[in-house]
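Read through the structure below, which is laid out as structure tokens, and then see the notes.
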Amino acid sequence: RKEVEQDPGPFNVPEGATVAFNCTYSNSASQSFFWYRQDCRKEPKLLMSVYSSGNEDGRFTAQLNRASQYISLLIRDSKLSDSATYLCVVTPMDSSYKLIFGSGTRLLVRP
Amino acid sequence: SQTIHQWPATLVQPVGSPLSLECTVEGTSNPNLYWYRQAAGRGLQLLFYSIGIDQISSEVPQNLSASRPQDRQFILSSKKLLLSDSGFYLCAWSVLLAAGATDTQYFGPGTRLTVL
């Protein structure tokens with residue numbers, strides 16, 4: 001089983017739609033969680049950290065469910081510029097220096 | 001503010017040739033440094049990480065090596081490239097927070113390597 005699993009998509013949604021991605025992780029001892037965004041042929045960039053109580057940044061909301069070992073990202077009022085691949089990231093149990101990246105979920109927002 | 005540089009941006013090399021990719025970080029001291037590879041349409045694979053000068057950990061056996069001759073310089077090398085070495089090579093840095101918590105990693109612009 002992969003340490004971090006994501007639905008590869010693509011999720012194809014119209015502008016203005018609300019879309020949600022889930023990510024599951026296998027290591028219950030994972031401590032840090034992040035969502036990154038990667039545009040085509042570019043480097044990944046931090047979108048937001050995920051806190052236990054859940055957190056919001058504008059149109060983006062991240063949630064953590066430790067009991068079920070999943071992380072979610074909700075995007076409201078989708079924009080064309082939201083089209084990208086969204087990477088779920090967690091820390092492994094054996095090292096606090098490293099991050100484990102999921103393969104990403106691709107989002108396409110159409111006009 | 002911190003910045004991370006990688007060069008070259010793109011590279012086309014024949015099979016069997018050597019490789020040297022360089023990454024430098026500015027605006028921070030004693031960063032953790034990382035090399036990743038991303039094959040076309042795939043996720044990020046951690047290749048090496050370093051928590052200090054001359055302290056390198058390898059994640060996967062391969063024909064690549066890494067060195068950290070200076071605090072903010074990280075170099076990825078190969079003596080003989082294979083076709084399977086093609087990919088998008090990303091350098092990243094982070095700062096280890098107190099109590100072992102992991103800070104965010106910040107990526108450089110990457111080097112797109114094609115081995116022919």
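Some values worked out for this structure:
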read-out: For residue B:16: the one exception among (1) at positive phi; (2) touching a strand residue (DSSP E or B) at 6+ places or on another chain (Cβ under 6 Å); value: (2)
read-out: Residue within the stretch B:74-97 that is touching a Pro at 6+ places or on another chain (Cβ under 7 Å), of a type in the set (Phe, Trp, Tyr) and closer than 25 Å to residue A:88 by Cα present; value: yes
read-out: When residues of the stretch A:82-111 are limited to those that are polar (S, T, N, Q), outside any strand (DSSP E or B) and in contact (Cβ under 8 Å) with a residue 12 or more places away in the chain, the one farthest from residue A:4 (Cα to Cα); value: A:83
read-out: All positions within the stretch A:25-46 that are crowded, with 19+ Cβ neighbours inside 10 Å and modelled with pLDDT of 95 or more; value: A:35, A:36, A:37, A:38, A:43, A:44
read-out: Strands (runs of 3 or more DSSP E) fully within the stretch B:36-116 counting 2 or more residues that are surrounded by 18 or more Cβ atoms within 10 Å (Cβ to Cβ) and facing chain A (nearest Cβ under 8 Å); value: B:44-52, B:87-94
read-out: Residue that is surrounded by the fewest Cβ atoms within 10 Å (Cβ to Cβ), among those in the stretch A:50-103 that are polar (S, T, N, Q) and at pLDDT below 90; value: A:53
read-out: Test for residue A:71: is it touching a helix residue (DSSP H, G or I) at 6+ places or on another chain (Cβ under 8 Å) and away from chain B (no Cβ under 14 Å); value: no
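The values are calculated or read from the model by the stated rules, or taken from the named source; none is laboratory data. For clarity, every value in this text was computed on a predicted model and none was experimentally measured. Every residue, glycine as well, gets a Cβ built from its backbone with ideal geometry; the counts of neighbours run over all protein chains shown.
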